[in-house]
Amino acid sequence: MTEPDAFAAMLSGDVPGDAPVFVISVAATLAGMHPQTLRQYDRLGLVSPGRTAGRGRRYSPRDILMLREVQRLSQDEGVNLAGIKRILELSTHVETLRARLHELQAELEDTKREIARREAAVHASYRRELVPIDRRAVFWRPNHQHPSNPPTNS
């Protein structure tokens, strides 16, 4: 399998996107850059690959995609490296916020289900007995006498 084929297989889900598997020379080839450029981006904090026990760089498929995005922003959009770093930071922040939003939405749905479950338990506990209701209306009228009880003169 060629390097681009291996990269495509990793992107398809066979290997986790954050698995550090590519040495710097392979990562540079996949990103279309010189290895020294990857070292420079690492020093600047643009793309920070994983490290082996011997401190060798290992790039993940996600790192390769980020390198390609850095190259696109730099060459196609004309953004300088400081601007690219800020864009990447903001993108990471947005991803973090989206993940938190999904967590909160799931928590809200769980809470709604729990409320519905508890309401159903309360309703199920009702005895459901028929209770007779006296439908005769009784009206109270202050300072008025009922016609069947005439006022008495004392």
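The values are calculated or read from the model by the stated rules, or taken from the named source; none is laboratory data. Since this is a predicted model, take the numbers as computed values, not measurements. Neighbour counts run over all protein chains shown; Cβ positions are idealised from the backbone, glycine included.
Here are a few things to note about the model shown:
- Test result for Glu129, loosely packed, with under 10 Cβ neighbours inside 10 Å, outside any helix (DSSP H, G or I) and either without any contact (Cβ under 8 Å) to a residue 60 or more places away in the chain or among the hydroxyl-bearing types (Ser, Thr, Tyr) (or both): yes
- Here the condition is being in contact with a helix residue (DSSP H, G or I) (Cβ under 7 Å, 6 or more places away or on another chain) and modelled with pLDDT under 95; of Arg51, Arg57, it holds for Arg57 alone.
- Residue in segment 65-83 that is exposed (fewer than 10 other Cβ atoms within 10 Å of the Cβ), charged (D, E, K, R) and modelled with pLDDT of 90 or more present: yes
- Hey, Glu107 closer than 30 Å to Met33 by Cβ and either touching a strand residue (DSSP E or B) at 6+ places or on another chain (Cβ under 6 Å) or part of a helix (DSSP H, G or I) (or both) or not: no
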